[in-house]
Amino acid sequence: MNQFAKRGYTLLISLYVIMHFIVSFIQGESLVTTLSLLGLAAFIIGYFFLPLKQASISLLLFGIAVIIHLSADTSLIQSGVAGFTVMSGLIALLLIVPSISWVLEEKPYIESVIHFAQKLLNTSRKFYFGMLMITQIISYFLLFGAIPMVYGMVNGFLSDQKGEVWENYKGTALLRAFALTTMWVVSIPSFIFAVDALGASLGLSILQGFFLSFAGVLLAVLFSYFQERHYGVDLTEGIQEQLAKISKNTFSETQGKRNVIEFVFLFITLFGSIFLLNAIWDASLLFIIPIVITAWVTIYFFITQKSIRIIENGKHYLKNGIPNKAQQFSILLAAGFLIDAVNQSGYGEYIVDGLFYVTDAVPFLNFLWILPFVVIILGFIGLGPLTVIVLVSGILQGVEVPYPPELIVLGITSGSVISIMLSPLILPTIVLSAVNRLSIVKNSLMFNYKYAIAFYVMTQIYMQGFVLLFL
């Protein structure tokens with residue numbers, strides 16, 4: 001029964017994404033009802049194989065949406081048609097982004113980059129900085145899948161170095177690096193949804209996010225220095241021992257350099273194509289990015305004469321990958337239904353008005369001080385950054401806010417960064433704990449709370465300074 005339900009779910013969610021592209025491309029409003037019914041059918045059939053624990057969040061969001069409709073006396077049927085289409089673009093993006101990893105699996109690109117850069121990583125501070133940067137770059141391709149991938153490589157490199165000090169060193173770098181990507185990486189669904197929903201400039205949002213992300217990287221390196229002193233261990237000595245062993249191993253320098261050049265070229269072509277198409281085509285980013293990724297992956301396998309690999313990877317993804325995303329897709333479909341309910345009922349304005357009321361009641365406090373805490377608090381009750389940003393951005397989309405949309409995007413994503421680092425209930429922390437065998441509380445809250453406070457202060461200095469000088 002489970003296998004039959006999974007196959008049905010794969011078919012329905014695939015048709016849902018295909019219908020999304022058809023509706024978006026031809027502006028076929030008459031097909032919106034079909035799109036909604038496919039989304040509703042996928043939402044329902046997912047519960048035939050999802051365990052209750054995984055289904056609980058989406059059921060909670062759906063239940064809240066129904067209560068809002070009943071209390072506001074709005075149409076459940078009308079909202080059902082509109083609500084199950086809200087997330088179609090984001091689900092399409094999430095369905096297609098994993099195909100990027102198919103390219104990375106073809107050659108040892110990341111290993112070559114690390115080997116190529118090993119002479120630059122000969123101290124604990126430089127190595128920590130290197131871990132932060134490589135994790136952000138790989139997150140561009142693999143999202144939070146970068147965490148176990150980079151951990152596996154770093155752990156293999158530091159195979160002789162054991163203990164909590166080393167796990168703190170590796171774990172904080174990976175978790176902080178991935179968290180910081182949510183401020184600027186264009187393939188991170190939560191970031192791109194916020195930019196798209198709030199009508200912010202993609203270029204300015206990325207530039208601003210990258211600037212603060214890089215500042216966050218430097219802040220993390222500084223904190224790693226104090227953490228090393230706290231443990232009283234010389235990590236540089238251990239790193240140099242491992243580098244000495246690696247230098248004895250044979251490695252094709254020519255092939256390694258070729259892989260590094262190819263990797264840089266792949267990164268630039270994917271990133272640049274999205275920017276170029278966004279500049280010349282007046283379409284939603286959630287529509288543009290999946291198209292670019294599909295074309296990019298197809299062209300790569302065509303040029304390398306490995307077209308058969310697309311079919312092989314596609315079959316595996318349809319069989320195993322899509323059903324494994326059922327929990328995430330169900331949450332998004334329920335979140336879309338809830339966003340539509342909040343907007344139709346007018347409760348979104350009340351929520352934002354309530355936040356402004358709090359800021360007015362407290363001297364020297366404004367909306368931007370509080371906005372990150374909305375994301376952080378929801379993260380501590382188990383809602384991941386994607387779900388939270390979808391909810392918050394969706395609500396703010398229909399409300400007048402006296403700040404530039406790029407600043408609102410920054411406020412939301414800075415909350416996402418802190419939520420990922422501190423909440424023991426969301427996926428990146430759980431994934432990290434699964435590979436380094438430390439408790440989720442230690443990996444998140446205990447290792448990162450001081451850094452999170454400093455990061456919040458740093459981003460607020462930027463945002464409040466912007467308000468003071470330009471608004």
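The values are calculated or read from the model by the stated rules, or taken from the named source; none is laboratory data. Model, not experiment: these values are computed from the prediction. Here the Cβ is made from the backbone with ideal geometry for all residues, glycine too, and neighbour counts use every protein chain on show.
Quick grid of which residues meet (1) β-branched (Val, Ile, Thr); (2) in the same structural domain as Leu50 (by TED's automatic domain parsing); (3) in contact with a Ser or Thr (Cβ under 6 Å, 6 or more places away or on another chain); (4) farther than 30 Å from Ile395 by Cβ:
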{"position": "Ile303", "(1), (2), (3), (4)": "yes, no, no, yes"}
{"position": "Ile308", "(1), (2), (3), (4)": "yes, no, no, yes"}
{"position": "His316", "(1), (2), (3), (4)": "no, no, no, yes"}
{"position": "Ala334", "(1), (2), (3), (4)": "no, no, yes, no"}
**Prompt:** If Lys162 passes every condition in (1) part of a helix (DSSP H, G or I); (2) without any contact (Cβ under 8 Å) to a residue 60 or more places away in the chain but one, which one does it miss?
**Reply:** (1)
**Request:** Considering only the stretch 24-57, state which residues are closer than 30 Å to Leu425 by Cβ and either in the same structural domain as Gly384 (by TED's automatic domain parsing) or out of contact with any helix residue (DSSP H, G or I) (no Cβ under 8 Å at 6 or more places or on another chain) (or both).
**Result:** Ile44, Pro51, Leu52, Lys53, Ser56
**Asked** For Phe43, are the conditions met, namely being assigned to a helix (DSSP H, G or I), farther than 21 Å from Ile77 by Cα and modelled with pLDDT of 85 or more?
**Response** no
**Fill in**
Only unsatisfied item for Thr85, checking (1) assigned to a helix (DSSP H, G or I); (2) over 28 Å from Val264 (Cα atoms); (3) in contact (Cβ under 8 Å) with a residue 12 or more places away in the chain, is (1)
**Asked** Of Phe127, Phe116, Phe141, which residue is surrounded by fewer than 21 Cβ atoms within 10 Å (Cβ to Cβ) and hydrophobic (A, V, I, L, M, F, W, C)?
**Response** Phe116
**Request:** Give the stretch 176-200 a look and list any residue that's part of a helix (DSSP H, G or I) and under 12 Å from the mean Cα position of the chain (by Cα), or say none.
**Result:** Ala177, Phe178, Ala179, Leu180, Thr181, Pro189, Ser190, Phe191, Ile192, Phe193, Ala194
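If you scan the stretch 223-246, which residues turn out to be of a type in the set (Val, Ile, Thr) and assigned to a helix (DSSP H, G or I)? Spell out the reasoning first.
As a first pass, look at the stretch 223-246 and keep what is of a type in the set (Val, Ile, Thr): 233, 236, 239, 246.
Passing the criteria: Thr236, Ile239, Ile246.
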**Asked** Applying the selection to the stretch 265-292, what residues are closer than 19 Å to Pro98 by Cα, out of contact with any Leu (no Cβ under 7 Å at 6 or more places or on another chain) and β-branched (Val, Ile, Thr)?
**Response** Ile268, Thr269, Ile274, Ile291
**Request:** Just name the residue that is farthest from Ala200 (Cα to Cα) out of those in the stretch 271-288 that are in a loop (DSSP other than H, G, I, E, B) and free of Cβ contacts under 8 Å to residues at least 60 places away in the same chain.
**Result:** Trp281
**Residues within the stretch 67-77 that are in a helix (DSSP H, G or I) and farther than 22 Å from Leu12 by Cβ, tallied** = 6
**Asked** Which condition number in (1) among the aliphatic types (A, V, I, L, M); (2) at pLDDT 90 or above; (3) outside any helix (DSSP H, G or I) is the one that Ile291 fails?
**Response** (3)
**Asked** What number of residues within the stretch 353-407 are among the aliphatic types (A, V, I, L, M), surrounded by fewer than 20 Cβ atoms within 10 Å (Cβ to Cβ) and in contact with a Leu (Cβ under 7 Å, 6 or more places away or on another chain)?
**Response** 1
**Request:** Pick out the one residue from Phe127, Phe141 that is at pLDDT 80 or above, over 21 Å from Phe211 (Cβ atoms), part of a helix (DSSP H, G or I) and assigned by TED's automatic domain parsing to the domain that holds Thr294.
**Result:** Phe127
**Prompt:** What residue, of Leu286, Leu318, is in contact with a helix residue (DSSP H, G or I) (Cβ under 6 Å, 6 or more places away or on another chain), surrounded by fewer than 19 Cβ atoms within 10 Å (Cβ to Cβ) and within 30 Å of Leu59 (Cβ to Cβ)?
**Reply:** Leu318
